[in-house]
1. Report, in debye and to the nearest 20, how large the dipole of segment 198-295 comes out about its Cα centre when Lys and Arg carry +1 and Asp and Glu carry -1 on their Cβ.
2. Multiply the residue separation of residue 4 and residue 345 by 0.36 nm, subtract the distance between their alpha-carbon atoms, and state the gained length in nm to one decimal.
3. When the C-alpha atoms of the chain are aligned to their principal axes, what extent does each axis show, in angstrom, from largest down?
4. In the P(r) worked out for segment 247-366, what percent of Cα pairs fall beyond 21 Å?
5. I'm a student and want to see the number: the projected area of the Cα convex hull of segment 295-395, averaged over all directions, in nm².
6. Restricting to Cα pairs below 8 Å that are 6+ residues apart, what does the relative contact order work out to for segment 391-504? Please round to a whole percent.
7. Along the charge dipole of segment 232-289, pointing to its positive end and built from +1/-1 on Cβ of Lys, Arg, Asp and Glu, which listed residue (272, 242, 288) has its Cα farthest out?
8. Please compute the Kirkwood hydrodynamic radius over segment 354-488, one decimal place, Å, based on all pairs of different Cα atoms.
Amino acid sequence: MTELPSPAAEAAALLDRLGVPRAAWTGGDLIATSPITGEVIGRPFAATPAAAAAAIATAEAAFRAWRKVPAPRRGEFVRLLGEELRAAKAELGRLVTLEAGKILSEGLGEVQEMIDICDFAVGLSRQLYGLTIATERARHRMMESWHPAGVVGVISAFNFPVAVWAWNAALAFVCGDAVVWKPSEKTPLTALAVQALVGRAAARFGAVPEGLSALLLGGREVGSVLVDSPAIPVLSATGSTAMGRAVASRVAARFGRAILELGGNNGAIVAPSADLDLVVRATAFAAMGTAGQRCTTLRRLIVHEAVADALLDRLRHAYRSVAIGDPRRPGTLVGPLIDAAAGAAMTAALAAARADGGVVTGGEAVAGPGGTYRRPALAEMPAQTAIVRQETFAPILHVMRYRAFEDAIAIHNGVPQGLSSSIFTNDLREAELFLSAQGSDCGIANVNIGPSGAEIGGAFGGEKETGGGRESGSDAWKAYMRRATNTVNYGRDLPLAQGVSFDV
Ligand code: NAD
């Protein structure tokens, strides 16, 4: 096998090409490592509380200027950002691979997602529409207008180190907001690269107010500054349910608005009529892709007993043969877990599954170039026990059997999380029931495709402990704006609503 350059050497070259000054990622107090080998690939700087406060204050001033710029002009800035991302896709995608451990096509796919949301936002910049509403009063007009919300805080997770920012920022920029971003402490270098590309777009645009897009590196203590700042009316927080629980009440206490994108525990029902070829392919990607580290990763397969044995045979084969290793190598489908702690969590979860009567295949450590590599695991469970109901952020697929369709839906919905879901069936009644109010209780429900890999055109997010937030497409933009109801009287009388009379 040909030797690959060290992630540190590659990251340095990529950061140079992406325009990140060396001073920004050498000699600092934060340590960026590559999960591929575990080696240090950069030492950027954590934001001090004073620097964080200053960035928020500058963002507030930037917002006051930016809201005066017509929305389609703001869209032009996002169009230029999309162009910069297109030009830098190869470099940024590879940096995602180096820092988050995704295989190359997924690193590139993440950047493509950024490009897609920029395109969406450009169109949206001419469609930030309100309603005109029939009024009960003569010679009056009632309408609703949408105005920029202010400074939007973005806290993001390691597993989508750049796309989550883009989902929020592209919309926020066209909506007239400033954005202050606190990325995961595990992925600071990709964040620096994105910020450099924003700088390039801003330079071409010419009149972007200083600090419209700010980056604050560091851990949860830096995130806390955003959580508690009254200058941030909208906080988008992506990460674990534990993080959301800590953050949501504090944002609510100051009457801020939180967009919460938290953990998932996504299930798929496989009905007797399902096309098993489709199921095997969809399951392989949804359960093993990104080494099981997607919020939409398939973690629970609820299979009709008539097809369970045949499906499990095929899945066991796919799990045994999947290529695991350095995500930069063509052919690799499963890269490393983010760190050793994630490997330990996987081992503990599999032990718990066994203790609950589960039969586990896979899950063992696999030799790699130094990071934490694990074979994805299948855990055939006698029931949906406590370990199945929690999200373990690793490639573990729990398989359960069902007999009656109602039971399958009950098992499916019987977890605290509610992000994404699927059914594989050729029975129209089952498919429609699954999509109906009596079916899946998730924010995303699919038929004959897996739960993972959403397009940006739809609203993305989930219910229950997933937090209820929606980002990306459809009308998710409304969360980044404030709504005003306006009534205009163009007559000479002053009729009061509900016929109230108050003559003085
Ligand atoms: P995490 O919760 O450990 O960290 C996420 C971010 O929150 C980081 O930037 C972290 O510094 C910050 N943070 C943590 N505690 C905080 C606090 N008390 N105050 C302020 N900031 C805080 O999550 P992770 O390990 O980086 O990511 C994996 C998790 O994210 C999984 O649960 C996954 O399902 C979830 N996720 C959800 C979505 C979604 O859209 N629903 C998308 C990606 C990841």
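1. Numbers: 9 positive and 6 negative charges, 46 e Å.
The calculation lands at about 220 debye.
2. Numbers: separation 341, 0.36 × 341 = 122.76 nm, distance 2.91 nm.
Here the answer is 119.8 nm.
3. 81, 58, 36
4. On the way: 3602 of 7140 pairs.
Result: 50 percent of Cα pairs exceed 21 Å.
5. Details: hull surface 26.9 nm².
Taking a quarter of the hull surface, the average projection is 6.7 nm².
6. On the way: 116 pairs, mean separation 22.0, N = 114.
Once normalised by length, the contact order is 19 percent.
7. About the Cα centre, the residue reaching furthest to the positive side is 242.
8. Working: mean 1/r = 0.0569 Å⁻¹.
About 17.6 Å for segment 354-488.
Values in this text are rule-based calculations from the coordinates and carry no lab data. Being a predicted model, the structure only gives us computed values, none of them experimental. So basically every Cβ, Gly included, is an ideal-geometry build from the backbone, and we count neighbours across all protein chains shown.
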